[in-house]
1. Going by amide H atoms built from the backbone, whose H comes under 5 Å of the H on G92, apart from near neighbours?
2. Restricted to Cα positions, what overall size does the chain have along the principal axes? Three whole-Å values, descending.
3. Using θ = phi - 60° and the Karplus curve 6.51 cos²θ - 1.76 cosθ + 1.60, what whole-Hz ³J(HN,Hα) does each residue of region 215-226 get, with Gly and Pro shown as x?
4. Using only helices, what value at 222 nm comes out for the chain when you add -39,500 (n - 2.57) per DSSP H run of length 4 or more and divide by the total residues, to the nearest 500 deg cm²/dmol?
5. For T71, what charge total do you get from the other residues with a beta carbon under 9 Å from its beta carbon, if Lys and Arg give +1 and Asp and Glu give -1?
6. I need the phi-derived Karplus couplings for region 36-51: 6.51 cos²θ - 1.76 cosθ + 1.60, θ = phi - 60°, integer Hz, Gly and Pro marked x.
7. Could you give the length gained by full extension between D383 and D404, i.e. 0.36 nm per residue of separation minus their alpha carbon distance, to one decimal place?
8. Using a 10 Å cut-off around each Cβ, can you sort Y474, Y69, Y314 from fewest to most neighbouring Cβ atoms?
Amino acid sequence: MKRFPKVLLLAVLSLATALSSCENNNDNAPSVVPSGPVDSAGRVILTGEITTSRTLNANEKYLLQGAVYVTSGNTLTIPAGTKIFGDQATKGTLIIERGAKIMAEGTVDKPIIFTSAKAPGSRNYGDWGGVVLVGAAPTNRPLSVGPEGGIRSAFGGTNAADNSGILKYARIEFAGVALSADPNSEINGLTLYGVGSGTTLDYIQVSYSGDDSFEWFGGTANAKHLVAFRGWDDDFDTDFGFTGKVQYGVSLRDPQFADQSSSNSFESDNFNPGTPANGSNDGLPLTAPVFSNISVFVTPGAPVTTAQSGSGAYQSALHLRRNTSISIYNSVFVGQPEGLRLDGTSTWANVQAGGLDLRGVVLANNNTPLRAAANTGTGAFTDADVQTWFNTSGKNNSVVSRADLGTLALNANTFSLTAPSFLPQSTSPLLTGAVFTGKTADTFFTQGTFRGAFNGTDNWTQGWTNFDPQNAAY
């Protein structure tokens, strides 16, 4: 029998062992040859246009430099566990244009992470741009209206079922920055322009956004399991005729940080001033999403009414204005200066017509739980009118004072900014009283008895979220 030289045999065995190690430890196995140019930290640079479908490698790290556009007809596939960093100097931003797709499906154990390129301990609000999805679903603005911040993509159309892909088990951290010096040029952690209901949005955490955590500009996209953590401006902002459905969302705020525009949990409108609403792409469809099972926590103490470390102060749990027709069910809001601010006679008209609806809503620890605003002239309404409507029998809405906050039996660590636990205690009245009728009878919504985002046993944030991204070693 012919024998291999000993040196050659050892080399072959060494190579086989290395290959086996790579297969068994795929998370840590580096690519032999980078798939593109790299920065000084060895991250593959993504810049300009992606004009052919591309699949990233979970064993590589990536850096977004400037506006990175996935162009129409192409798909960007991002495997579970992939880490993508946003460059601060160039305001790195990922934009999935109308007609393009993102296929980013992480897992509980291997979420996809979009985060700051800065080192642990030095990351901050607005270190990079964020993630922007652009679709062809209906909006109430002319099709000539473009996105904020100078993003080039047209958005909106007539395809309510338009599909921009999948974003699931993903974290977006330290994004949300003004892309230009123009007013209202900020983008958010996750920005959705005319995104359709064919898109899958599930298990997404946005942390330390420099503007809103989530904002929908029109479209019909549905979503479940959203986490807004320590955002700067609003948690859930709906505009331009958004008509999608959302269930299970939680926000935990840092009471020291708010925006100069006054931060809200929900801000919902159409455009300024919200009227007239004449027809398709001309004021219609009205912003009319349906949210259910949302929990928002700011503070268990006195609500913050003046600017602290941020640039502004908190305002409302729900600022509903400019002809919005949003509906919110089975949700709890704790610690904002105002609970509900119904703003404008056109908004009040939607209340009277049954378009804008609140049921199973708990407003807790507010200085002013219910307020009418900007309501002079024809159709004017008062604080008392709002109170009468909110407290209508059968709606199961309630106001809980600061002194009675303990009656909600929240988790002792609900407001912890480093290790929160949101499951209510077994004695909490939030575990009952949900209202699933009318708009929430839709098959999208999972029926249940509890109000807020959590029942007493299922912590759906476990495993894939990170409540200390500042110190994470990526």
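Nothing in this text is a laboratory measurement; each read-out follows from the coordinates by a stated rule. The structure presented is a predicted model; accordingly, all values stated were derived computationally and were not measured. A quick note on method: Cβ atoms are made from the backbone with ideal geometry, for glycine too, and the neighbour counts reach across all protein chains shown.
1. The answer is G66, D87, G129.
2. 97, 52, 43
3. Couplings: 9, 10, 9, x, x, 10, 5, 9, 8, 9, 6, 10 Hz.
4. -2500 deg cm²/dmol, from helical runs alone.
5. -2
6. Running phi through 6.51 cos²θ - 1.76 cosθ + 1.60 with θ = phi - 60° gives x, x, 10, 8, 5, 8, x, 8, 5, 7, 10, 8, x, 9, 9, 9 Hz.
7. Contour length minus the Cα-Cα distance gives 5.3 nm.
8. Ascending Cβ contact count within 10 Å gives the list Y474, Y69, Y314.
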